[in-house]
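Quick notes on the structure that follows.
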C-alpha cells in the first residue's frame with residue numbers, strides 16, 4: 001500500500017478536475033442513495049424527500065447568515081459511521097457499490113472542503129441519536145480534515161433532535177449537510193454574483209431524472225432583498241415568494257413538452273455507421289411534432305449542403321457528389337431520424353487538413369470518409385472539398 005505524504009495536494013489536484021458546483025451534485029446523489037436504502041429496508045413505496053433550504057437551526061444562532069443546506073430523510077448515520085465516512089477517502093459506503101462508475105467514496109469530501117474552506121457541517125440522525133461533524137480547512141493545522149467541535153478535540157459531538165428539520169424528525173432518520181462557504185458568516189444560499197434561482201437551474205440541468213414516485217427533490221426559491229428575508233421556516237412558509245420549487249431533471253421537461261405538443265413517448269434508435277466511427281444511439285423520452293419538424297428542416301439543409309459538396313476523385317480527377325448511407329438517410333428525413341437526439345455528441349469533431357475543407361461540422365460529421373475525401377489519400381492528390389453555403 002502506498003504511503004501518502006501530502007494528502008492536501010491530492011485533494012486540491014482532484015478538486016481542480018471537478019466540474020463547477022460539483023459539490024451540490026454529490027450531496028444530492030448521496031441523499032438519493034440514503035433514501036433508497038431506507039425505502040428498501042423498510043419496504044416503503046415512497047415518502048422520500050430531499051430539501052435544499054436554509055439551515056434554519058444555524059440561522060437562529062447567527063441571526064444574519066443564510067447558510068444553504070441539503071437535508072434528506074434517508075437512513076442516517078450513527079456516531080461511528082459518520083466519523084468513518086467523513087474522515088476517510090475512498091471508503092466503501094453503506095450501499096456497497098464502490099466502483100469507477102459507481103460510488104467512489106470521495107466526491108463530497110473532495111469537492112466540499114476544497115470549495116468551502118470554512119467547511120461542511122454534517123448532522124445525522126439515526127436510532128433517535130443525533131451526531132455532528134465538521135470537515136474543512138483547519139486553520140490551526142493548515143490541513144483538510146475534521147475540525148474539532150467539542151472538548152478535548154472531539155470531532156463528533158451529540159446534536160439535539162431539535163436541530164433537524166421536521167420531516168427528518170417525523171421519519172426518525174436523515175442527514176443535513178450545510179455549506180459554510182469560504183469566509184466566516186458567508187451567505188451560501190445565494191452566492192455573491194449569482195441569480196436567486198441558480199441552484200434550481202443547476203440541478204435541473206445536471207440531472208436527467210431526479211424525481212420519481214419514491215422521492216421528491218425541492219429547492220427553496222428566495223426572493224427580494226436580504227433585508228426582507230425570513231428568519232425561520234415558519235416565516236418562510238408564510239411568504240408566497242419564498243416557496244419550494246420541485247426539481248425533476250431535464251427528462252421531465254422533455255416529457256412535458258412532448259405532451260403539450262400532442263407528441264408521443266418512447267425509444268428511438270439511430271443505427272449509426274461503424275465504418276465511419278458513428279456509434280449507434282438510442283433516444284428515450286418525448287418527441288413532439290414540433291421537434292420532428294425542426295429536425296426535418298435541419299435534415300433538408302444538411303442534405304442540400306451535401307449535394308453542393310464536391311470532391312476531386314483521386315483516380316479520375318472528376319467531380320463527384322459525396323454521398324453516404326448516412327447522408328441519404330438524412331436527406332429522406334425519416335421520422336426515426338427526426339428525434340431530438342438523433343445526432344451523437346460523442347462523435348469527435350473532424351479537424352480539416354487545409355483551408356479548402358470548408359464544409360460545416362454538421363456536414364462532415366454525417367459523411368463517411370472515402371479515399372481522397374479528407375486529407376491526402378495514399379494514392380492521389382489531396383481532395384478539394386468545398387461548400388458554397
The one condition in (1) in a loop (DSSP other than H, G, I, E, B); (2) at pLDDT below 95; (3) within 20 Å of residue 69 (Cα to Cα) that residue 189 fails to fulfil: (2)
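Residue check: is residue 179 touching a strand residue (DSSP E or B) at 6+ places or on another chain (Cβ under 6 Å) and more than 30 Å from residue 10 (Cβ to Cβ)?
Numbers: touching a strand residue (DSSP E or B) at 6+ places or on another chain (Cβ under 6 Å): yes; more than 30 Å from residue 10 (Cβ to Cβ): no.
The answer is no for residue 179.
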Filter result (closer than 14 Å to residue 190 by Cβ and outside any loop (DSSP other than H, G, I, E, B)) within the range 213-235: 219, 220, 226, 227, 228
Those residues that are closer than 30 Å to residue 19 by Cβ and in contact with a helix residue (DSSP H, G or I) (Cβ under 7 Å, 6 or more places away or on another chain), I need them from the range 122-168; list them, please. 122, 123, 124, 133, 135, 136, 137, 143, 144, 145, 146, 155
When the residues of the range 101-138 are filtered to those that are at pLDDT 85 or above and in a loop (DSSP other than H, G, I, E, B), which remaining residue is nearest to the chain's Cα centre (by Cα)? 116
Yes or no: residue 162 farther than 28 Å from residue 45 by Cα, out of contact with any strand residue (DSSP E or B) (no Cβ under 7 Å at 6 or more places or on another chain) and either outside the structural domain of residue 50 (by TED's automatic domain parsing) or surrounded by fewer than 20 Cβ atoms within 10 Å (Cβ to Cβ) (or both)? no
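Residue by residue, here is whether (1) surrounded by fewer than 21 Cβ atoms within 10 Å (Cβ to Cβ); (2) under 23 Å from the mean Cα position of the chain (by Cα); (3) part of a helix (DSSP H, G or I) holds:
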| site | (1), (2), (3) |
| --- | --- |
| 140 | yes, no, no |
| 149 | yes, no, no |
| 152 | yes, no, yes |
| 168 | no, no, yes |
| 184 | yes, no, no |
| 196 | yes, yes, no |
| 203 | no, yes, yes |
Can residue 32 be described as assigned to a helix (DSSP H, G or I), within 21 Å of the chain's Cα centre (by Cα), at pLDDT 90 or above and farther than 23 Å from residue 212 by Cβ? no
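The values are calculated or read from the model by the stated rules, or taken from the named source; none is laboratory data. Small disclaimer: the values here were computed from a predicted structure and weren't measured. Using ideal geometry, Cβ is built from the backbone for each residue, glycine included, and neighbour counts are taken over all protein chains shown.
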